[in-house]
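Since the structure comes first, as structure tokens, the remarks are kept for the end.
The values are calculated or read from the model by the stated rules, or taken from the named source; none is laboratory data. Owing to the predicted nature of the structure, the values given are computational and were not obtained by experimental measurement. Every residue, glycine among them, receives a Cβ derived from its backbone with ideal geometry; neighbour counts consider all protein chains shown.
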Amino acid sequence: MITKDIQLACQRLSQGHPVAIPTETVYGLAAPIDQEAAIRAVFSLKNRPLNHPLIVHLAPSWDVRQWVAEVPLLAEQFIAAFWPGPLTLVLPAKPGAINPLITGGQDTVAIRCPSHPVAQALLTQLGVPVVAPSANPFGKISPTTAAHVEESFPASDLLILDGGRCEAGIESTLIHVTADNQYQILRHGLINAQQIAEIAHQAALSGESSLRAPGKLDQHYQPEKPLLRFDNPSDLAAFYKAQLRPCYVIASQKPDGLPNTHFYALPNDPTEAAFELYYQIRRADQSDAALLLIEMPNDTPSWAGVRERILKASQKPFDMDKKKS
Ligand code: TXA
Ligand code: MG
């Protein structure tokens with residue numbers, strides 16, 4: 001059921017039931033951090049393995065030190081620059097303050113302070129932080145509207161708090177602050193590597209993280225239909241031309257012969273493209289097309305968040321042919 005009643009959402013949460021909530025990035029499936037049954041229900045609704053840790057969401061006026069053992073100087077600088085907003089920090093968890101179910105038994109906790117006014121009002125009214133993974137079945141595409149949440153969990157009686165369409169459109173940037181002066185980007189988002197490096201006065205550590213992070217999954221954010229990615233519009237157009245099956249195209253240029261109804265021109269600004277990405281992939285998924293084709297944006301820092309989502313949601317046309325044979 002979709003509602004705008006924040007008080008009703010708080011009641012359900014306090015009674016130990018998950019509630020879908022809006023944030024500025026994507027909708028989250030929330031449970032209070034002190035309600036173990038509700039947290040377990042979040043994992044089972046999403047069909048998410050228990051070793052995938054959850055993000056804790058705070059209201060702006062709360063002190064992160066209530067849940068975190070130590071806030072390195074660099075983390076303080078990130079908090080001052082980007083909170084409230086679409087940035088999640090992985091920090092040492094305070095023993096006893098965070099249920100191990102939330103961290104997957106690790107000694108770090110991921111924490112963020114959403115800027116969405118409805119999320120903030122809910123947290124303030126509830127008085128307890130909530131965990132909130134994206135409100136989609138594990139591996140599937142994240143929802144950016146209340147209706148998309150409802151479509152994602154058709155069989156459940158989940159309460160969905162409607163806060164309109166999410167402004168950012170992709171999940172938060174996830175950073176592990178490994179020491180007072182070192183950090184690693186575990187998941188790219190709208191707050192990009194360049195903006196982060198400016199605050200830190202240094203670049204992120206590169207290479208594989210030892211943490212169990214989302215970047216390690218090759219497939220994620222997936223629509224129901226095959227989504228094929230192309231590095232440039234001419235490869236995409238050539239593939240389309242040889243296709244007998246109906247296609248839906250998300251690209252900078254419409255291939256010759258493709259009906260307008262089956263084309264979406266992805267904006268050439270990364271912020272606008274992020275806002276539209278999941279929304280348009282869902283539209284494409286619901287069309288009568290058998291195949292979805294998407295053009296990869298340029299490989300520059302400001303596009304990293306959008307590129308990462310497309311890479312994990314899609315396959316190369318060559319790989320699809322391999323799987324068939
Ligand atoms: O924008 C967002 O972050 C959204 C909204 C709802 O807040 N939430 C979200 O949650 O994307 P989720 O669970 O779909 O993705 C969080 C990712 C997980 O893939 C998990 O691996 C990683 O954060 N994560 C959580 N805790 C972690 C930790 N302690 N160390 C490393 N990675 C962690
Ligand atoms: Mg997710």
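Suppose we filter the range 152-183 for residues that are within 16 Å of ligand 2 (Cβ to nearest atom) and acidic (Asp, Glu); how many remain? Going through the range 152-183 one residue at a time, the tally reaches 1.
Take Ser44 and tell me if it is more than 10 Å from ligand 1 (Cβ to nearest atom), without any contact (Cβ under 8 Å) to a residue 24 or more places away in the chain and polar (S, T, N, Q). So Ser44 fits the description; yes. For the range 179-206, the tally of residues that are among the hydrophobic types (A, V, I, L, M, F, W, C), in contact (Cβ under 8 Å) with a residue 40 or more places away in the chain and within 15 Å of ligand 1 (Cβ to nearest atom) stands at 3. Name the residues in the range 138-149 that are surrounded by fewer than 24 Cβ atoms within 10 Å (Cβ to Cβ) and near ligand 2 (Cβ under 10 Å from one of its atoms), would you? Passing the criteria: Phe138, Gly139, Lys140.
Any residue at all in the range 203-210 that's over 19 Å from Ile281 (Cα atoms), touching a Leu at 6+ places or on another chain (Cβ under 8 Å), at pLDDT below 95 and not in a loop (DSSP other than H, G, I, E, B)? Taking every residue of the range 203-210 in turn, none turns out to be over 19 Å from Ile281 (Cα atoms), touching a Leu at 6+ places or on another chain (Cβ under 8 Å), at pLDDT below 95 and not in a loop (DSSP other than H, G, I, E, B). Filtered by the rule that a residue be closer than 19 Å to Thr124 by Cα and in contact with a Leu (Cβ under 7 Å, 6 or more places away or on another chain), the range 89-104 gives no residues.
Considering only the range 184-194, how many residues are under 15 Å from Phe82 (Cα atoms) and away from ligand 2 (no atom under 16 Å from the Cβ)? Here the count works out to 5. Has the range 109-118 got any residue that is over 23 Å from Ile160 (Cα atoms) and crowded, with 19+ Cβ neighbours inside 10 Å? So far as the range 109-118 goes, yes, one or more of its residues are over 23 Å from Ile160 (Cα atoms) and crowded, with 19+ Cβ neighbours inside 10 Å.
Among the residues of the range 36-70, those that are in contact with a Pro (Cβ under 9 Å, 6 or more places away or on another chain) and away from ligand 2 (no atom under 16 Å from the Cβ) comprise Ala38, Ala41, Leu58, Ala59, Pro60, Trp62, Gln66, Trp67, Val68, Ala69, Glu70.
Residue count for the range 49-82 satisfying the condition of being within 13 Å of ligand 1 (Cβ to nearest atom), closer than 26 Å to Pro18 by Cα and at pLDDT 95 or above: 8.
Only residues that are touching a strand residue (DSSP E or B) at 6+ places or on another chain (Cβ under 7 Å) and free of Cβ contacts under 8 Å to residues at least 24 places away in the same chain were counted across the range 1-41, and they come to 0.
Here Ala38 fulfils each of the conditions (1) outside any loop (DSSP other than H, G, I, E, B); (2) within 13 Å of ligand 1 (Cβ to nearest atom) apart from (2).
Quick check on this structure: which one of Gly169, Gly164 is part of a loop (DSSP other than H, G, I, E, B), modelled with pLDDT of 90 or more, away from ligand 1 (no atom under 11 Å from the Cβ) and closer than 22 Å to Thr271 by Cα?
On the way: Gly169 fails: away from ligand 1 (no atom under 11 Å from the Cβ).
Going through Gly169, Gly164 in turn, just one is part of a loop (DSSP other than H, G, I, E, B), modelled with pLDDT of 90 or more, away from ligand 1 (no atom under 11 Å from the Cβ) and closer than 22 Å to Thr271 by Cα: Gly164.
Within the range 157-191, the residues that satisfy the criterion of being more than 14 Å from the chain's Cα centre (by Cα) and more than 19 Å from Asp5 (Cα to Cα) are His176, Val177, Thr178, Ala179, Asp180, Asn181, Gln182, Tyr183, Gln184, Ile185.
One line per residue, one yes/no per condition, for (1) in contact (Cβ under 8 Å) with a residue 60 or more places away in the chain; (2) charged (D, E, K, R); (3) within 21 Å of Arg48 (Cα to Cα):
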{"site": "Asp107", "(1), (2), (3)": "no, yes, yes"}
{"site": "Arg112", "(1), (2), (3)": "yes, yes, yes"}
{"site": "Ala132", "(1), (2), (3)": "yes, no, yes"}
{"site": "Glu171", "(1), (2), (3)": "yes, yes, yes"}
{"site": "Val177", "(1), (2), (3)": "yes, no, no"}
